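Everything on this sheet refers to the single structure shown next.
The values are calculated or read from the model by the stated rules, or taken from the named source; none is laboratory data. If you're wondering where the values come from, they're calculated on a predicted model, not measured in any experiment. Heads up, the Cβs are rebuilt from the backbone with ideal geometry, glycines too, and the neighbour counts pull from every protein chain shown.
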Amino acid sequence: MRGWLFPLLLGLVLAFLGYHLTLVQFPRVLMSLATHRIAKGMGYNAMFAAPLATDKARAIVRPSPDLAYSSCPFDLSNGPVLVDVEPAPAPYWSLSVFDSRTDVVYVRNNIDAGNQPIRVAIARPGQPVPDGMTAVRVDGTTGIALIRILAPDRAGFGAIDIARKKSSCKALS
Amino acid sequence: MKPWIRYAVCAVLGLALGAGVAIQHVRTGVLGASRAIGPWTTGSDFGTARASAFTRAVVSLRGLLALPAHEARYYNAAVDSAGEPLDGRCRYRVSGRAIPGKWWSLTLYDHPGYLVANQANRFSVASAAVPNPAAWDVIVAPAEQAGLWLPTGRIDRFELTLRVYLPDDGGLGTMTRDRLPAIVKEGC
């Protein structure tokens, strides 16, 4: 039995490490899966206007049925990605940028923006962005830029849907 | 058994045990479990760099792409005001007062976090639908109700999420139990 003492101690230490490594990697894995799942539709660096959430929606957990979501799964491997958000006829809209760790690295809503368009360049540290463009720096190469638009009345969603499709996401290069 | 085999067996089992416990811990975790206010739980560090590894993992599973507190606060309830699990075959009255934010919505989800099928195709009640924002009631029940009704779809267990967008205090504070809606079971 004495021969098992040190192996068991090693097992305990690795159990502790395995617990913390799993916690740290958990959000990265789920974020990567979500980014990949969204990119399956339109590809990376393109804006995807999802329909209003219903019980059939399974792409993202806990979607808000009051919000219209447009998402851009971005990949900065080949350079920055430009996101252009056009104002929508809604009491609230916003752009948020999530990195691969699920952290929000940028958020701006229509009130902050004075109901004017929002234009940002998502880039890794060191990647040059066009002059005059707001740079959103992220660690890692992938993530999601998400537009939320409040759609208080599903019957009046048509006008919002037309407006939101003017927003875009594209690679700089 | 050779010593290196003992070390290898214990190392593999240790890593697997640690990973398994972590996954189970996250799967049974609740959004904002660190802050319970009556039936509601919340957190103020969702989506921020200061969130703990555990909070970050639970949010990624239960509410991926959550906004930071200054933009939105999320309050989640899996139990009623008496501490009993929310049952989709029962009728509840959710009674609230003025919610300090630009707008809010109350949404019903199943435990994994998906919207629940119902014949009315209604998944939430938003502040714009409330006649008197200072004193309002939403009936959460399987069958159609007069007034503001949120269908449960008769599922066994459901959860309610209250989203408060652009909170008046910039997300710095957390609503007290008096401020948050009460969830009272009226019958099954």
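Just a few scattered comments:
- Residue in segment B:67-80 that is within 14 Å of chain A (Cβ to nearest Cβ) and free of Cβ contacts under 8 Å to residues at least 24 places away in the same chain present: yes
- With respect to (1) touching a Leu at 6+ places or on another chain (Cβ under 9 Å); (2) without any contact (Cβ under 8 Å) to a residue 60 or more places away in the chain; (3) crowded, with 20+ Cβ neighbours inside 10 Å, the lone exception for B:R27 is condition (3).
- Of all residues in segment A:45-75, those satisfying the criterion of being under 13 Å from the mean Cα position of the chain (by Cα) and either within 18 Å of A:S167 (Cβ to Cβ) or away from chain B (no Cβ under 14 Å) (or both) are A:N45, A:A46, A:M47, A:F48, A:Y69, A:S70, A:S71, A:C72, A:P73, A:F74, A:D75.
- Set A:P91, A:P7: member being within 8 Å of chain B (Cβ to nearest Cβ), over 22 Å from A:Q116 (Cα atoms) and surrounded by fewer than 22 Cβ atoms within 10 Å (Cβ to Cβ): A:P7
- Scanning segment B:47-61 finds no residues that are modelled with pLDDT of 90 or more, within 30 Å of A:V105 (Cβ to Cβ) and more than 9 Å from every other protein chain (Cβ to nearest Cβ).
Each row is one residue, and each column tells you yes or no for (1) surrounded by fewer than 17 Cβ atoms within 10 Å (Cβ to Cβ); (2) under 21 Å from the mean Cα position of the chain (by Cα).
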| residue | (1), (2) |
| --- | --- |
| A:P130 | yes, no |
| A:R137 | no, yes |
| A:G140 | yes, yes |
| A:I149 | no, yes |
| A:D153 | yes, no |
| A:K166 | yes, yes |
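- Within segment B:96-132, the set of residues being polar (S, T, N, Q), without any contact (Cβ under 8 Å) to a residue 24 or more places away in the chain and farther than 20 Å from A:L150 by Cβ comprises B:N132 only.
- Selection within segment B:114-131 - at the interface with another protein chain (Cβ under 7 Å from one of its Cβ atoms), surrounded by 19 or more Cβ atoms within 10 Å (Cβ to Cβ) and of a type in the set (G, A, S): B:S124, B:A126
- Condition check for A:A68: in contact (Cβ under 8 Å) with a residue 40 or more places away in the chain and not in a helix (DSSP H, G or I): yes
- Residue among B:L67, B:L61 that is within 30 Å of B:A19 (Cβ to Cβ) and either among the small types (G, A, S) or in a loop (DSSP other than H, G, I, E, B) (or both): B:L67
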